[in-house]
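Novice: My questions all concern the structure below.
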Amino acid sequence: MNPTPRIYLASKSPRRRDLLRQIGVNFDVLTFRTGERGEDADVDETPLPDEAVERYVERLALSKAQAGTRRVLWRKLLPRPVLSADTTLEVDGEIVGKPRDAAEAQAILERLSGRRHRVLTAIAMSDGERTRSRLSVSEVAFRRLSEHDIRRYIATGEPFDKAGAYGIQGHAAIFVEEIRGSYSGIMGLPLFETAALLEIFGHPVL
């Protein structure tokens, strides 16, 4: 009997790990160590001048997958496909990433209050020979948030490792009036697109 196929996940996100487990994917986490080989230990997430948000998020996911395959070679690991992802928000055409501190988290949440924004998650997969990507775009409507709402939410600590300063799977779910698109994509790993990529690389989910 052949062993169950495995992949590498090039992400530190516990939410992405949970989503892969949800659909029965066997994986090992491939972390990037700072300063490894002296280059691209982490992908530079600075947007390029006039870069469209769709292009930005897909470029980062592809870069992370390709960086992951290089690490598989450098570390002499078993050859397996590498899955990566990147999530960002767009408000008024502007890319909104993770807040650096409480003040920035508050500013982001104030901006999202009472309006709609887009959440874009790109996923990419590479085996060193082929690299493919998919993009998921969703729209989220927030209710109007009071200063008290924002202050209490920041106190939970949730905003600080999440694009747009919130996680839809956590306390911030009570802020969401409506979503259009992929719930798992908003969490950080769109499962429809992920299953399609896994199929391409010979790792069908079902």
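The values are calculated or read from the model by the stated rules, or taken from the named source; none is laboratory data. The model shown is predicted, which means the values in this text are computed figures rather than measured ones. Cβ atoms come from the backbone with ideal geometry, glycine included; neighbour counts cover every protein chain shown. Just the protein is used for accessible areas: all its heavy atoms, side chains included, with ligands, DNA and RNA removed. Shrake-Rupley method; radii C 1.70, N 1.55, O 1.52, S 1.80 Å.
Novice: Take E178 and tell me if it is within 30 Å of K76 (Cα to Cα), acidic (D, E), in contact with a strand residue (DSSP E or B) (Cβ under 7 Å, 6 or more places away or on another chain) and touching a residue at least 12 places away in the same chain (Cβ under 8 Å).
Specialist: The answer is no for E178.
Novice: Just name the residue that is surrounded by the fewest Cβ atoms within 10 Å (Cβ to Cβ) out of those in the stretch 41-56 that are free of Cβ contacts under 8 Å to residues at least 60 places away in the same chain and part of a helix (DSSP H, G or I).
Specialist: Restricting to residues being free of Cβ contacts under 8 Å to residues at least 60 places away in the same chain and part of a helix (DSSP H, G or I), the top hit is R55.
Novice: Oh, and also: Given the criteria modelled with pLDDT of 95 or more, surrounded by 14 or more Cβ atoms within 10 Å (Cβ to Cβ), among the charged types (D, E, K, R) and more than 17 Å from K162 (Cβ to Cβ), does R59 qualify?
Specialist: When the stated conditions are applied, R59 passes them.
Novice: Could you list, in sequence order, all residues of the stretch 170-189 that are over 27 Å from L83 (Cβ atoms) and open to solvent by less than 60 Å² (accessible area, probe 1.4 Å)?
Specialist: The one that is over 27 Å from L83 (Cβ atoms) and open to solvent by less than 60 Å² (accessible area, probe 1.4 Å): F175.
Novice: Here's another thing I want to ask about it. Does E177 qualify as being assigned to a strand (DSSP E or B) and more than 21 Å from the chain's Cα centre (by Cα)?
Specialist: Against the criterion (assigned to a strand (DSSP E or B) and more than 21 Å from the chain's Cα centre (by Cα)), E177 qualifies.
Novice: Which one of these does L30 not meet: (1) touching a Ser or Thr at 6+ places or on another chain (Cβ under 6 Å); (2) of a type in the set (A, V, I, L, M, F, W, C); (3) surrounded by 20 or more Cβ atoms within 10 Å (Cβ to Cβ); (4) modelled with pLDDT under 95?
Specialist: Every listed condition holds for L30 apart from (1).
Novice: Are any residues in the stretch 80-102 surrounded by fewer than 24 Cβ atoms within 10 Å (Cβ to Cβ) and among the hydrophobic types (A, V, I, L, M, F, W, C), and if so, which ones?
Specialist: Answer for the stretch 80-102, where residues must be surrounded by fewer than 24 Cβ atoms within 10 Å (Cβ to Cβ) and among the hydrophobic types (A, V, I, L, M, F, W, C): V91, I95, V96, A102.
Novice: Would you be able to tell me the number of residues in the stretch 93-131 that are within 30 Å of F201 (Cα to Cα) and over 16 Å from the mean Cα position of the chain (by Cα)?
Specialist: 6
Novice: Let me ask something else about it. Which residues, taken from the stretch 153-174, are farther than 18 Å from R116 by Cβ and either over 17 Å from the mean Cα position of the chain (by Cα) or acidic (D, E) (or both)?
Specialist: Those that are farther than 18 Å from R116 by Cβ and either over 17 Å from the mean Cα position of the chain (by Cα) or acidic (D, E) (or both): Y153, I154, A155, T156, G157, E158, D161, H171.
Novice: Still on this structure, I have one more. With the requirement that a residue be in contact with a strand residue (DSSP E or B) (Cβ under 9 Å, 6 or more places away or on another chain), open to solvent by less than 50 Å² (accessible area, probe 1.4 Å) and over 25 Å from V29 (Cα atoms), what does the stretch 110-169 give you?
Specialist: The answer is L112, S113, G114, H117, S138, V140, A141, F142.
Novice: Criterion first (part of a strand (DSSP E or B), touching a helix residue (DSSP H, G or I) at 6+ places or on another chain (Cβ under 9 Å) and closer than 15 Å to A172 by Cα) does V119 satisfy it?
Specialist: yes
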